[in-house]
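None of the figures in this text is laboratory data; all of them are computed from the coordinates on show. Just so it is clear, the model here is predicted, and its values are computed rather than measured. Note that each Cβ is placed from the backbone with ideal geometry, even for glycine, and that neighbours are counted across all protein chains shown.
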Amino acid sequence: MRMRTRFGILAAVFLAATTTRVFAQPAPSPLLDELQLRQLATHAQPADHARLAAHFTALADEYGADAKRHEAMAAAETSGRNAGPGVHCRQLAALDAALAATSKELAAFHSKEAVGLPAVPPADPAGLAAGKGARRPTAAELAAAGERAAKANDHRGLADYFTALAKRYAGEASTHAGMSAAYHRGRMPGMSTHCDRLVRDARAAAKEARLAASMHRTLATAKK
């Protein structure tokens with residue numbers, strides 16, 4: 001038993017070593033999170049534009065794939081008796097295709113900026129330049145970004161992010177408040193109580209985000 005166990009350990013070590021040599025590690029995704037997107041936009045250096053171009057190129061690929069998937073779903077649904085879902089899928093496909101096209105325009109804009117060529121951004125970036133389609137950073141990533149912030153632009157990027165986050169939470173609070181009022185009118189106090197709790201949580205989160213934004217604006221000014 002001891003020999004077999006030792007052989008198993010050696011085999012596992014050998015396989016791990018050979019796997020490391022034979023199979024390359026997956027390349028990191030070019031997609032940025034919302035905070036990285038805002039910080040790179042405020043830096044506006046050639047390398048930053050290159051990373052933004054890669055982000056929007058990858059985003060265009062994702063939206064393009066989503067458009068094809070929804071088109072396929074639309075074709076499958078339309079062939080049945082109920083055409084309603086097919087119409088909905090076709091609408092989603094059109095939205096995805098439009099976002100893919102705008103992402104390509106943003107990628108082209110940043111590619112030109114990266115090499116110093118004249119460039120004009122899309123007239124309507126469809127929220128993509130502000131973070132639509134980007135991943136939300138985790139609490140740990142936000143804390144790390146705050147610790148790494150050394151320049152005024154770093155703090156401005158954080159201030160912009162937290163300002164947008166505060167608006168998002170305020171919007172969620174407003175939505176849940178409207179739902180609570182509707183449940184009150186419909187005599188469903190249990191659901192109303194749940195919505196009221198969500199309103200309080202969203203408002204508290206918005207307040208914290210506004211405070212964080214204010215702090216980073218002050219730090220940005222101090223770094224000048």
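Show which lysines lie in cross-link reach of Lys223 when reach means a straight Cα distance below 23 angstrom and same-chain residues fewer than eight apart are skipped.
Straight-distance partners of Lys223: Lys151.
May I ask you to order 138-150, 55-67 by the average number of other C-beta atoms within 10 Å around their residues, highest value first?
The peptides rank, most packed first, as 55-67, 138-150.
Return the lysines within reach of Lys68: Cα separation strictly under 22 angstrom, same-chain partners fewer than 8 residues apart disregarded; answer none if there are no such residues.
Straight-line reach from Lys68, under 22 Å: Lys104, Lys132.
Using a simple spin-label model with points 7 Å from Cα along the Cα→Cβ vector, what separation in nm is obtained for Met191 and Arg135?
For the pair Met191/Arg135, the computed spacing is 3.5 nm.
Provide Rg over Rh for segment 137-224; use the alpha carbon set for both Rg and the Kirkwood Rh (inverse mean inverse pair distance). Spell out each step's value before the answer.
Details: Rg = 16.9 Å, Rh = 14.3 Å.
With Rg and the Kirkwood Rh in hand, the quotient comes to 1.18.
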